[in-house]
Amino acid sequence: MVNTKVKYPTAIDILLRHLPKPYHDKNKEGIIRALTVMEAKGKAASALIAEYQKTPKENDNLRWIIGNAIATVLTLNEIDWVYSTVLDKSNGRSRRQMVSALSAVKTEKSEGILIDLLEDDEVAPQALAALGKLKSKKG
């Protein structure tokens with residue numbers, strides 16, 4: 001599914017039912033990548049957040065993939081969770097895509113968080129790029 005140009009909205013619910021199951025990381029990665037589509041927006045974020053939270057922080061690669069998916073399907077309903085997650089340095093590089101996604105949330109709070117993240121070496125390039133997309137005059 002990941003490499004197809006065909007949309008698959010009817011598969012989203014099936015993928016979401018399989019997401020929390022204890023599959024091998026490679027299988028889980030395939031499910032997550034298949035959920036990293038606009039058809040999953042408004043449907044998948046809470047399940048992806050739950051998966052992110054239960055994935056050990058040492059599994060940075062899988063958490064990055066989940067973070068990327070969250071960034072794709074993010075709605076304003078999840079924004080407070082994203083704010084706290086990107087500010088928590090213990091989440092490592094898995095925050096990068098979520099930081100980038102803040103450029104789509106054109107609020108003063110997003111801009112302020114992105115400015116704060118300029119001091120965080122792990123995500124500073126993404127914060128700077130997001131501020132550029134926001135056309136921030138403060139950063």
- Between the residues I14, G67, L117, the Cα farthest towards the positive end of the dipole of the chain, that dipole coming from +1 and -1 charges on the beta-carbon of Lys, Arg, Asp and Glu, is from I14
- Task: Sum -39500 (n - 2.57) across every DSSP H segment of at least 4 residues in the chain, then divide by the residue count to get the 222 nm mean residue ellipticity, nearest 500.
- Result: -16000 deg cm²/dmol
- Note on the structure: With all protein chains present, the chain has a carbon and sulfur share of its accessible area (1.4 Å probe) in percent of 54 percent
- Item | Out-of-range pairs (alpha-carbon distance over 30 Å; input K41/K135; K57/K109; K26/K106) | K26/K106
- Task: For the chain, calculate the relative contact order in percent as a whole number, restricting contacts to Cα pairs under 8 Å that are 6 or more residues apart.
- Result: 18 percent
- Query: What whole number of Å gives the distance from the Cα centroid of region 51-100 to the Cα centroid of region 1-40?
  - Reply: 17 Å
- Message: Counting heavy atoms of the protein chains only and a 1.4 Å probe, report the per residue accessible area for the chain as a whole number of Å².
- Response: 55 Å²
- Query: With charges set only on the Cβ (+1 for Lys and Arg, -1 for Asp and Glu), what does the dipole of region 16-139 come to about its Cα centre, in debye to the nearest 20?
  - Reply: 420 debye
- Item | Solvent-accessible area of E78 with every protein chain in place, 1.4 Å probe, in Å² to the nearest 10 | 30 Å²
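The values are calculated or read from the model by the stated rules, or taken from the named source; none is laboratory data. Predicted model, so just to flag it, every value in this text is computed and none were measured. When we count neighbours, we look across all protein chains shown, and the Cβ atoms used for this are built from the backbone with ideal geometry, even at glycine. Areas reflect the complete protein model, heavy atoms only, side chains present, ligands, DNA and RNA absent. Shrake-Rupley method; radii C 1.70, N 1.55, O 1.52, S 1.80 Å.
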